[in-house]
Amino acid sequence: MPSRVPPIARVRLARAPFRLVLLPALLVALGAALEATAVFGPVPPLTPAWIALVAGGVLLALIGLVTAIWLLGLRLDVEEAAIRVRWLGGERLHPLVPGPVTRVRLRGDNASSLRSRTGWLGWTVGRARLRGEETIQIIRLARTPTAILVPTERGRLAIAAASEAELIEALSRA
């Protein structure tokens, strides 16, 4: 089996570590609080309520840990004619199509509106609505003032890179 062709460039994503781990840390803390309530609270052990508290606490803590690992492990590789987004345990390939690579302003004067499910957390990964009319895919792990929009077979992909110049240079080589 032939080995995979190495990527043209690994593009560093702009990251806000505090914002990335805030929600996962709250989930873990809430899970720990449920566990503490089960162990030290007035609920008798091995009753349905006790089991529900223990299971809920474990589940919330596990969701928080998985979310933190997923967010902190996201990385982006620019390959020949494609962008590959990787995370622990998975990846998604975005084949490039001809079209303009543009910059969209997301903060400040003349900012375009961007609606997403997790935008209030300071990061967005997945689908979003740009200017209320276009559904795009986005990878934005920090509240960057701009993002680069890249045309792909799945629609446009917005990328908030640590260095936009590095991203554009890698895309021009791709």
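Semi-axis lengths, largest first, of the ellipsoid equivalent to region 90-174 are 19, 15, 13 Å, with √(5λ) applied to each eigenvalue of the Cα gyration tensor. Here the chain has an Rg and Dmax of 20.1, 64 Å, counting Cα atoms alone. Of all the options VAL21, VAL66, VAL150, the one that moves most in a Gaussian network model of the chain with Cα springs shorter than 10 angstrom is VAL66. Ranked by solvent-accessible area (1.4 Å probe, protein heavy atoms only, all chains present), the residues LEU114, LEU76, LEU62 order from largest to smallest as LEU62, LEU114, LEU76. Across the protein chains, with a 1.4 Å probe defining accessible surface, the residues GLU79, GLU166 rank GLU166, GLU79 from largest area downward. Stokes-Einstein diffusion for region 1-76 at 37 °C, viscosity 0.692 mPa s, with a Kirkwood radius from C-alpha pairs, works out to 221 µm²/s. Of the solvent-accessible surface of region 21-93, computed with a 1.4 Å probe and all protein chains present, 79% belongs to carbon and sulfur.
In the chain, the calculated helix contribution to ellipticity at 222 nm averages -12000 deg cm²/dmol per residue, counting -39,500 (n - 2.57) for every DSSP H run with n ≥ 4. Separation of region 62-88 from region 96-174 is 16 Å, based on Cα centroids. Plainly put, region 51-133 has a radius of gyration that is 1.09 times its Kirkwood radius, both from alpha-carbon atoms, as the Rg/Rh ratio. In sequence order, region 114-128 has phi-based couplings of 9, 10, 8, 6, 10, x, 5, 7, x, 9, 9, 9, x, 7, 8 Hz under the Karplus curve 6.51 cos²θ - 1.76 cosθ + 1.60, θ = phi - 60°, and Gly or Pro positions carry x.
The values are calculated or read from the model by the stated rules, or taken from the named source; none is laboratory data. From a predicted model like this one, the values you see are computed outputs, not experimental measurements. These accessible areas exclude ligands, DNA and RNA; they are computed on the full protein's heavy atoms, side chains included. Shrake-Rupley method; radii C 1.70, N 1.55, O 1.52, S 1.80 Å.
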